[in-house]
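For reference, the structure is listed below as structure tokens.
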There are 2 protein chains.
Amino acid sequence: MTIRSLAVTATLIMLLGGCASQPAMQGDLVIAKQGSFFIGGREVRSDRMSMVPTVTAAGTIVVDQMYVRYQVPPSAKRVPIVMVHGCCLTGKTWETTPDGRMGWDEFFVRKGYGTYVIDQAWRGRSAWSPAAINQVKAGAAAIETLPTLYAAGQEPAWVIFRFGPEHGKTFPGVKFPVEAQAEFWKQMVPDWFNALPVPNPTVPSLGELARKLGGAVLMSHSQSGIYPFQAAALDTNGIAAIVSIEPSACPAATSDLTPYTKMPILVLYGDYMDLSPRWSPRLKLCREFVAAANQRGGKVQIVVLPEIGITGNSHMLMQDTNSLEIAEWLSKWLETALR
Amino acid sequence: MTIRSLAVTATLIMLLGGCASQPAMQGDLVIAKQGSFFIGGREVRSDRMSMVPTVTAAGTIVVDQMYVRYQVPPSAKRVPIVMVHGCCLTGKTWETTPDGRMGWDEFFVRKGYGTYVIDQAWRGRSAWSPAAINQVKAGAAAIETLPTLYAAGQEPAWVIFRFGPEHGKTFPGVKFPVEAQAEFWKQMVPDWFNALPVPNPTVPSLGELARKLGGAVLMSHSQSGIYPFQAAALDTNGIAAIVSIEPSACPAATSDLTPYTKMPILVLYGDYMDLSPRWSPRLKLCREFVAAANQRGGKVQIVVLPEIGITGNSHMLMQDTNSLEIAEWLSKWLETALR
């Protein structure tokens, strides 16, 4: 074989979809390693785990663990991304969009990142305990001890997610695929958040996962927007960067900001912030946090997408019709931040 | 480029792990298509979806939908496999084993099958409704209206899953990786099964998924062992084969067996069946079903693994240390059955 034909061979190999060492953004996807596991967990025992006769009433189960599903491409970049969903949702947030396009979980694998998608503790594939409910049903505990649960109905969620100013009405130019809303509503699940301690059990697990991976970007959304900050307050080790997307809260500007000076941080919001009585005060508080953290020597950036010329984004910007355009921008931000 | 160097090129391409058209059992995994979606779903409205002040109390949510995550290899075989987990578990059942080995979800992709892993309705990433619990907490409904929930504690589950005759004791030669049991217990979640109608809402969704895929193998386990049969009783279209692993029930031998004569069927059990007072009567009833279905012209096979020389398998045989040996056997069974 001549040197020339070796070169041709190499070119041919590069041209074969999915066979190049850098994953392609289309065509076959090459995975070096994938799977799932749990982080954390705490045993609880009850005399009323089961209310059906075929399964013994008493027993020990594990709660607080965090389910993690991951995919790592060949020649992965050193720092993987952990993706954390928000209120009333699961890791499905980051997968195929309601209108059937590629999710960020796959996009970032194709960009060369290992991606780790989690289900928050007590939600999705992360177990919750039925014991408190069973105790009340059995007459062994007071009604008041039932957990405080909530599901977000479509009507309030429409406004919270900034699809429009009121249920059924859209903001002009909104890029959430409302024609696929039926598929989106199926993503929503009940939320134990208010029945759990602060910080949420997911928080220490995120830190533990980041350290287990030898460093990771913690990318959070909405309810979980604050989680990476809370994890950093516990221990900054392993947290290579924070990307907080549409956080419902940032750390208080008056809190100890030292942990947030240890890594690059991005706070990212979509469009229509000023039109939302729910979100505009949150944005204001996050801006105060960012200013204060930067005064303390932090490298914290806050971006509201219309400010960089990207308009029409809802709260669910990872599912909006321009989701991959935002992901592309984000991957450039990460490359610079992690340099 | 000479013909000779073209041949060398072809050989080189074949040798590059993951780049052959037939996926390799080790090394890089090539995926032509992956993602997630939901099947089914029904809107429910309540005045008490939320018990927290930040989310409006009244609203409409969707329940009964079935979460599906899939991976399809290049040059996939015509018939994909739908994997359905059992009691108190989620789709995690089929993923990475507790001791960190490849799950059947990936194994069968490497064997050339599209695999579709589901979460049963009201479990995992498939939503449940908190409305009935919230109504009781608000004092608007009687305690008796609380749902009948159960979680299987580790102590009873140990015996149910045939790790051994009693909690903490193993059967001689059992192949469940008991040293990794802590990771296994984290897979277990509460179960709404007894609070849901019969057939479970998952059942019609399995049929719908099979038809959407233009034909599929329905592979079920334990509690869901009966689901493919129930789906076939509703409509056999799309159900290319049934693989019922360790079913807790088969159809009654005296029922209408016509639907079960329309496709190849395998009922598969592990070891220690005679040592289990829970499982031995179930095996007996399944044998009666198989005999009756075959008398009616069915092609139904029942295999208890020790009968074919494979010993030591628990109820969780897709996670036992010889799980891939069983998967290999199963893939040969499927090749013959689907020929």
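Neighbours of B:ALA292, meaning other residues whose beta-carbon lies under 14 angstrom from its beta-carbon, give a summed charge of +2 when Lys and Arg score +1 and Asp and Glu score -1.
Based on protein heavy atoms only, the protein assembly as shown ends up with 36 Å² per residue of surface accessible to a 1.4 Å probe.
Spin-label pair A:VAL178-A:TRP329: with each label point 7 Å from Cα along the Cα-Cβ axis, the two points sit 2.2 nm from one another. Taking every alpha-carbon pair under 8 Å whose residues sit at least 6 apart, chain B reaches a relative contact order of 15 percent. Measuring with a 1.4 angstrom probe and ignoring ligands and nucleic acids, A:TRP158 comes out at about 10 Å² accessible. The Cα atoms of region B:78-191 give a gyration tensor whose axes a ≥ b ≥ c have a/c of 1.5 or more with a/b no greater than b/c, which makes the shape oblate. Between B:ALA249 and A:ASP47, the modelled labels are 3.1 nm apart [label points 7 Å from Cα along Cα→Cβ].
Among the protein heavy atoms of the protein assembly as shown, carbon and sulfur supply 55% of the accessible surface, probe 1.4 Å, non-protein parts ignored. Sequentially through region A:217-230, phi angles give Karplus couplings (6.51, -1.76, 1.60; θ = phi - 60°) of 7, 9, 10, 10, 8, 6, 3, 8, x, 7, 4, x, 5, 5 Hz, Gly and Pro residues having no value and appearing as x. Taking all protein chains as shown and a probe of 1.4 angstrom, B:VAL178 keeps an accessible surface of around 40 Å².
DSSP finds beta bridges in the protein assembly as shown, and of those with both partners inside it, around 50 percent are antiparallel.
May I ask you to derive the FRET efficiency for B:ARG287 and A:GLU144 from their Cβ-Cβ distance with R0 = 60 Å, giving the value to the nearest 0.05?
Efficiency, from the Cβ-Cβ distance: 0.70.
Seen from A:GLY153, the other residues with C-beta closer than 14 Å to its C-beta sum to a net charge of -2, counting Lys and Arg as +1 and Asp and Glu as -1.
For region B:161-174, the Karplus equation 6.51 cos²θ - 1.76 cosθ + 1.60, evaluated at θ = phi - 60°, returns couplings of 7, 6, 6, x, x, 8, 3, x, 9, 9, 5, x, x, 5 Hz by residue, with Gly and Pro reported as x.
Other residues whose C-beta falls under 15 angstrom from the C-beta of B:VAL44 contribute a net charge of 0, scoring Lys and Arg +1 and Asp and Glu -1. Full extension of the chain between B:ASN237 and B:THR311 yields a length gain of 23.1 nm, computed as 0.36 nm times the residue separation minus the alpha carbon distance. With every protein chain in place and a 1.4 angstrom probe, the accessible-area ranking of B:GLU288, B:GLU144, largest first, reads B:GLU144, B:GLU288.
Over region A:153-216, the alpha carbon radius of gyration divided by the compact-protein estimate 2.2 N^0.38 Å works out to 1.59.
Here the calculated FRET efficiency for A:GLN26 and A:ARG339, from their Cβ-Cβ distance with R0 = 41 Å, stands at 0.95, rounded to the nearest 0.05.
Normalised by 2.2 N^0.38 Å, where N is the number of residues, the alpha-carbon radius of gyration of region A:196-339 equals 1.00. Estimated at the nearest 10 Å², the accessible area of A:ASP28 is 40 Å² with a 1.4 Å probe.
Summary value for region A:166-289: 19 percent relative contact order, contacts being C-alpha pairs under 8 angstrom separated by 6+ residues. Which of the three applies to region A:119-272, rounded, prolate or oblate, going by the alpha-carbon gyration tensor with a ≥ b ≥ c and a/c under 1.5 meaning rounded? Because a/c hits 1.5 or more and a/b fails to exceed b/c, region A:119-272 counts as oblate. Structural descriptor for region B:50-112: relative contact order 28 percent, calculated from alpha carbon pairs under 8 angstrom and at least 6 residues apart. Put A:GLU179, B:GLU155 in order of accessible area, highest first, and with a 1.4 Å probe you get A:GLU179, B:GLU155.
Contact with the other protein chains removes 50 Å² or more of accessible area, compared with the isolated chain and a 1.4 Å probe, from these residues of region B:41-72: B:VAL52, B:VAL55, B:THR60, B:VAL62. Chains B and A together bury roughly 6800 Å² of accessible area, counting both sides, with a 1.4 Å probe on protein heavy atoms only. If every alpha-carbon in region A:31-70 counts as one equal scatterer, what log10 I(q)/I(0) does Debye give at q = 0.25, 0.29, 0.31 1/Å? The calculated log intensity ratios at q = 0.25, 0.29, 0.31 Å⁻¹ are -0.81, -0.90, -0.95. Selection among A:GLY27, A:PHE289, A:GLY270 by position relative to the dipole of chain A gives A:GLY27 as farthest towards the positive end (Cβ unit charges, Cα centre).
Using a label position 7 Å from Cα in the Cα→Cβ direction, what is the ascending list of nm distances from A:GLY214 to the same site in the other copies? Copy-to-copy label distances at A:GLY214, shortest first: 4.4 nm. Between rounded, prolate and oblate, where does the protein assembly as shown land on the alpha carbon gyration tensor, with a ≥ b ≥ c its root eigenvalues, rounded for a/c under 1.5, else prolate if a/b exceeds b/c? Verdict is oblate for the protein assembly as shown.
Using only Cα atoms, locate the centre of region A:236-292 and the centre of region A:158-181, then give the distance between them in Å, rounded to an integer. Answer, in whole Å: 24.
The values are calculated or read from the model by the stated rules, or taken from the named source; none is laboratory data. All of these numbers come straight from a predicted model, not from anything done at the bench. A quick note on method: Cβ atoms are made from the backbone with ideal geometry, for glycine too, and the neighbour counts reach across all protein chains shown. In case anyone asks, the SASA skips ligands and DNA or RNA and just uses the protein heavy atoms, side chains included. Shrake-Rupley method; radii C 1.70, N 1.55, O 1.52, S 1.80 Å.
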